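Here the structure is laid out as structure tokens; the discussion comes afterwards.
The values are calculated or read from the model by the stated rules, or taken from the named source; none is laboratory data. Model, not experiment: these values are computed from the prediction. No Cβ is skipped: glycine too gets one built from the backbone with ideal geometry, and neighbour counts run over all protein chains shown. To get the accessible areas, we keep the full protein, side chains included, count just its heavy atoms, and leave off ligands, DNA and RNA. Shrake-Rupley method; radii C 1.70, N 1.55, O 1.52, S 1.80 Å.
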Amino acid sequence: MLSTSPALPRGPRRTVSGALATLAAVVMVAVLGWASPASAHHSLPPGIPSTSAAQTQLNGLTVRPKNSGSGYDRSLFPHWIVVQSPCDARQHVLRRDGHTVQVDGSCRPTSGRWSSDYDGVWTDNPSDFDIDHMVPLYDAWRSGADRWTTDRRRSFANDVSAPQLWAVSASSNRSKGDRDPSQWMPPRTAIHCDYVKAWVNVKHRYGLSVTSAEKSSIQNTINTRC
């Protein structure tokens, strides 16, 4: 009669398996980078209106073609000025919308985590993220800001009370460029409703116009996503 080896107790096998799984997870994080915790959530900028308020604001916007953009220069919109000493607008947004953010005496983030609402990307390195102007400066110029004073353009470019400044991944910001919602929408569809409501609110606050295609695209998103 052949002898057989006794079976290993089940308890130790589960313990070894669990330890290996934990080790594998640690290795994966080390290789692929920081992963967002299950309990973490995306932080939205302030001032996004309700759907009904956004609809009313959209209805009130002037519809006209964009101007040619002649004379535009990014420097005509002075930005990243100090908005709450010692924080400039970029630092303010990183501190406001990040998670467990710590800053030094000059308001530079020294630790924290940030989520990009546009594409769901997370990072613990703020230099990976851009601060996006919801309504891009060039779009604003072509929608009426060419007639503004420098002070008003400065306020627009650094407005931390409106849903105008968003901390997002550099790749999503570069993908967006100067395009309006009829030309580009975030790859993360869960943000589409808040995205267009924020866009409408900024244009409403600053009396900027929309094109017919822009308004139609926003209306469609409100109808289907909000």
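Evaluating ILE191 against the criteria (1) open to solvent by less than 40 Å² (accessible area, probe 1.4 Å); (2) not in a helix (DSSP H, G or I) leaves one unmet condition, (2).
Determine if region 200-207 includes at least one residue that is over 20 Å from PRO65 (Cβ atoms) and crowded, with 22+ Cβ neighbours inside 10 Å. Among the residues of region 200-207, at least one is over 20 Å from PRO65 (Cβ atoms) and crowded, with 22+ Cβ neighbours inside 10 Å, which makes the answer yes. With respect to the conditions (1) closer than 18 Å to PHE77 by Cα; (2) touching a His at 6+ places or on another chain (Cβ under 7 Å), ILE131 lacks only one, and its number is (2).
Out of VAL63, VAL82, one residue alone is among the β-branched types (Val, Ile, Thr), loosely packed, with under 14 Cβ neighbours inside 10 Å, under 17 Å from GLY207 (Cα atoms) and in contact with a strand residue (DSSP E or B) (Cβ under 7 Å, 6 or more places away or on another chain). It is VAL63.
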